[in-house]
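Peer 1: Can you keep this structure in mind? I'll have questions shortly.
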Amino acid sequence: MIRIIAANVPRGRQLELVGHDLDDQLARLPVREELALAPSLVLMMPTQNDDFATLGLDAEVGPYLTKRHDRTIARRLRQNLWPFREPLKAESQAVFDELEMQVRFRAPPRLIPYFQQFYFPLGGAAHRDAIWLAGHYLSDFTLVAPGRLRVVMRMGKQREYRLELEVSKRLDAGRLGLLATYAAEVTRRMQPYHQRYHARQMAGVMLGEAPPRGNYAKIPVEAEWGEARPPENVIVEALLAHWPEVTTVMSEHAEQLNQFLLQEDFIAIFDENRYA
């Protein structure tokens, strides 16, 4: 169950749905397959509908349906984290241990932190009824009753959703607070890894508008990029050092060889496998 209690957004279909359980309003929702992986994703949850697998809420468009399963969407979002899988594993475990989460969780909960964006599930990600929240939009949350959660999702100046969600009754206030603290802290610790890998790219470049500073996670909007550059790739450095000899040998077998294009291809291949 997802019920929009209030919405401070541009007028449109989402305002007509205020006060309704979106599960009961699926016939009124648009189908927007292109939004499933958009950075403006606010939350997603599976539906019991035979034709559409997931109900999503977008910061710009509002509620919509997609045929993609929530697990598929989460898996696609996690693909951005492939170069950071080792530091993410280490930082997740470190925060898990520091917060002594083993009392309530068996292992570090799943999390998708990418620059200022991060998503985490309310409950096990493998559960059929898992709701994924965009932590960077989460401003406040209150467990009003067992299995009943109210959240405020702030997407920018004077733009927010107030929602009531039906969640697992096992998600008590202590467990929820621990989960949110863990997700925000791991995301903060991952910022330097993103900065070093992407060099001068600005943090939050995927977002049309940076999340408000007052949201609970307090992810820094500006980053000190300076003269940062990606970690040195010794294989690429060695290849470039010997490139004249490489091209000499290759040119004996291919007179029409485009050396500049080939050089870029070589570097791209080694760069992609840097963390393999």
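Peer 1: Name the pairs: first residue in region 147-171 and over 23 Å from Thr47 (Cβ atoms), second residue of a type in the set (Lys, Arg) and part of a strand (DSSP E or B), Cβ to Cβ under 9 Å, at least 6 apart or on different chains?
Peer 2: Pairs found: Val152/Arg162; Glu160/Arg154.
Peer 1: When you go through Leu55, Leu22, Leu29 one by one, which is the residue that is touching a Pro at 6+ places or on another chain (Cβ under 8 Å), over 24 Å from Gly147 (Cα atoms) and surrounded by 14 or more Cβ atoms within 10 Å (Cβ to Cβ)?
Peer 2: Leu29
Peer 1: Just checking, how many residues over region 10-69 are farther than 16 Å from Met155 by Cα, in contact with a helix residue (DSSP H, G or I) (Cβ under 8 Å, 6 or more places away or on another chain) and of a type in the set (Val, Ile, Thr)?
Peer 2: So the count comes out to 3.
Peer 1: Related question: Hey, any hits in region 82-91 for a residue that's surrounded by 14 or more Cβ atoms within 10 Å (Cβ to Cβ), at pLDDT 85 or above and of a type in the set (Gly, Ala, Ser)?
Peer 2: The answer is no, given that none of the residues of region 82-91 is surrounded by 14 or more Cβ atoms within 10 Å (Cβ to Cβ), at pLDDT 85 or above and of a type in the set (Gly, Ala, Ser).
Peer 1: Can you tell me which residue among Leu65, Leu37 is surrounded by fewer than 18 Cβ atoms within 10 Å (Cβ to Cβ) and aliphatic (A, V, I, L, M)? Write out each step before concluding.
Peer 2: On the way: Leu65 fails: surrounded by fewer than 18 Cβ atoms within 10 Å (Cβ to Cβ).
None of the other options fit; the residue is Leu37.
The values are calculated or read from the model by the stated rules, or taken from the named source; none is laboratory data. Just so it is clear, the model here is predicted, and its values are computed rather than measured. Note that we place each Cβ from the backbone using ideal geometry, even for glycine, and neighbour counts take in every protein chain shown.
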